[in-house]
Amino acid sequence: MPYISQLLNNKIYDSSDAAVGKLQDILIIPKEASFAPLEFLVIKTPDNKTKFVPYDSVANFDSSQIVLKNLFNKAALNELPATNGFVYLKKQVMDRQIVDVAGTRVVRVNDLRISVFENKMCVVGIDASFRGLLRRLGLTGTFLAAPFKVNLIDWRQAKLLEGSAPLQLATSAGQLSRLHPADLANIVEELDVKYGSSLLASLDSAEAAKVLEEVDPALQTILVQYLGPERAGKIISHMSGDELVDLVKTFSKPEAAEYLSQMSGRAEQLLKLSAYPDNTAGGLMTPDYVAVGPDWTVAQANEQIRKFTPSMRSILYVYAVDPQGLLRGVVSLRRLIASKDDIKIQDLIKTLRYYDTLKVTDRVPKIIKLMTKYNLYVAAVVDENRKMLGVVTIDDVMRLLAPSA
């Protein structure tokens, strides 16, 4: 059975054997997890008009000949019926990019395989191989094509993702959310901005935020600007505080204000954080930590952890903070789990001495020295009055030291 590249621009004959035009495109209505039957042929007539012929009116359809069952003027329509969801195979699918989930890579639609399935002519496969590209150039019969094999992706494993870009195919699209955010970020970085932003927009906002955090910072800014404040705001509102502050710092003041307006109660806090230099504890810290009262019970602390878990990447400690916001001590998650529900936090806390904490002005060498000496994955940041401001995590330090990792 033919490939679409072997059909496009072929002459079309009606039942009187008259040449009525050339095949310009093919229309389908895609359905998830199924092959897509051909709905209409898009025909360019000799007088340069576009006509639409239902595929039910086609008698013969192969690479050598396309023949209609009836006279052209009886079969052809001047416009499509008012049905949503039509997709043009040449204009909207060919040469587009595919997210190959299995290989966590991006490939290109070089050709489309057409075949009969359940008595209907359907799109059954996507050819992403170099051989598909050679076929379009008419070179499959030459020695150049010999080393290359056809690489067909089952159309049923594809999903059309709509966005600001025309269309993008994501193979095994249901598996996208199962990929590690870093792998998804690699895919987004390979796509152009339109398709990358479409992929982000297709994900759950919280999942998209995790992916965006892993994207190269320069591209991060471009993607967010392309999406715009309203669409991007839903995603970046789920980003961790330190990552969001780094992103905001890349915008102009008017842009920063526009994006922060989407953050509701977080805006003032983020503006304060953005004022600190990047290589200080203030610039590296995140305001995302779990604070509990010293007089709380273990049961109350665990409930607080459950409340904050969806919005935090990891929780290793809870911080005992009094009503004035002063840090009184820290309790490890391990100790909380091992303690009875009615025990008070003040009976479990480990008091932090002044040299166990960081000030906002402390620079990277001091941060590394503190975290290395005391084997800390997380270090608390306080002001001169020991008011709790945030925490610096080891991955924040590593990201600063190795930004391309």
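The values are calculated or read from the model by the stated rules, or taken from the named source; none is laboratory data. Worth saying up front: this structure is predicted, and the values here are computed from it rather than measured. Positions of Cβ are backbone-derived with ideal geometry, glycine not excepted, and every protein chain shown enters the neighbour counts.
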Name the residue that is farthest from L400 (Cα to Cα), counting only residues in segment 332-379 that are modelled with pLDDT of 90 or more and of a type in the set (K, R). K340
Limited to segment 47-58, what total is found for residues that are surrounded by 14 or more Cβ atoms within 10 Å (Cβ to Cβ) and either touching a residue at least 60 places away in the same chain (Cβ under 8 Å) or of a type outside the set (S, T, N, Q) (or both)? 6
Can you pull out every residue in segment 351-380 that is in contact with an Asp or Glu (Cβ under 9 Å, 6 or more places away or on another chain) and basic (K, R)? K359
Can you report the number of residues in segment 320-339 which are touching a strand residue (DSSP E or B) at 6+ places or on another chain (Cβ under 9 Å) and either polar (S, T, N, Q) or more than 20 Å from L376 (Cβ to Cβ) (or both)? 6
Residue by residue through segment 15-65, note down the ones that are in a strand (DSSP E or B) and aromatic (F, W, Y). F40, F52, F61
So if I check each of G85, G125, which one is buried (at least 18 other Cβ atoms within 10 Å of the Cβ) and of a type outside the set (A, V, I, L, M)? G125
Among residues belonging to segment 76-100 that are part of a loop (DSSP other than H, G, I, E, B) and in contact with a Lys or Arg (Cβ under 8 Å, 6 or more places away or on another chain), point out the one that is farthest from N10 (Cα to Cα). R96
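One line per residue, one yes/no per condition, for (1) surrounded by 13 or more Cβ atoms within 10 Å (Cβ to Cβ); (2) at negative phi; (3) β-branched (V, I, T):
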| site | (1), (2), (3) |
| --- | --- |
| A36 | yes, yes, no |
| T45 | yes, yes, yes |
| Q65 | no, yes, no |
| E79 | no, yes, no |
| L89 | yes, yes, no |
| L133 | yes, yes, no |
So, K344, is that one over 26 Å from D242 (Cβ atoms) and among the basic types (K, R) or not? yes
Being in the same structural domain as L134 (by TED's automatic domain parsing), of a type in the set (D, E, K, R) and touching an Asp or Glu at 6+ places or on another chain (Cβ under 8 Å) is the requirement here; does K74 meet it? no
I want to confirm something. Restricting to segment 241-293 and keeping residues that are in a loop (DSSP other than H, G, I, E, B) and in contact with an Asp or Glu (Cβ under 9 Å, 6 or more places away or on another chain), which single residue is surrounded by the most Cβ atoms within 10 Å (Cβ to Cβ)? M285
Can you find a residue in segment 214-224 that is within 30 Å of K366 (Cα to Cα), modelled with pLDDT of 85 or more and in a loop (DSSP other than H, G, I, E, B)? yes
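Conditions tested, residue by residue: (1) among the polar types (S, T, N, Q); (2) within 30 Å of D342 (Cα to Cα).
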| site | (1), (2) |
| --- | --- |
| L227 | no, no |
| K234 | no, no |
| E243 | no, no |
| S274 | yes, no |
| D288 | no, yes |
Search result, residues across segment 9-34 that are closer than 21 Å to K69 by Cβ, of a type outside the set (S, T, N, Q) and surrounded by fewer than 17 Cβ atoms within 10 Å (Cβ to Cβ): K11, D17, A18, A19, K22
Only one of I315, I345, I367, I337 is loosely packed, with under 12 Cβ neighbours inside 10 Å and not hydroxyl-bearing (S, T, Y); which? I337
Scanning segment 66-75 residue by residue, the ones that are touching a helix residue (DSSP H, G or I) at 6+ places or on another chain (Cβ under 8 Å) and part of a helix (DSSP H, G or I) total 1
N60 passes all but one of (1) within 41 Å of the chain's Cα centre (by Cα); (2) more than 18 Å from I126 (Cα to Cα); which number fails? (1)
Segment 172-197, residues that are at pLDDT below 80, of a type in the set (S, T, N, Q) and in a helix (DSSP H, G or I): Q175, S177
Could you check segment 4-26 and list, in sequence order, the residues that are closer than 24 Å to L134 by Cα and not acidic (D, E)? I4, S5, Q6, L7, L8, N9, N10, K11, K22, L23, Q24, I26
Could you list all residues from segment 59-95 that are free of Cβ contacts under 8 Å to residues at least 60 places away in the same chain and under 18 Å from S115 (Cβ atoms)? A59, N60, S64, Q65, I66
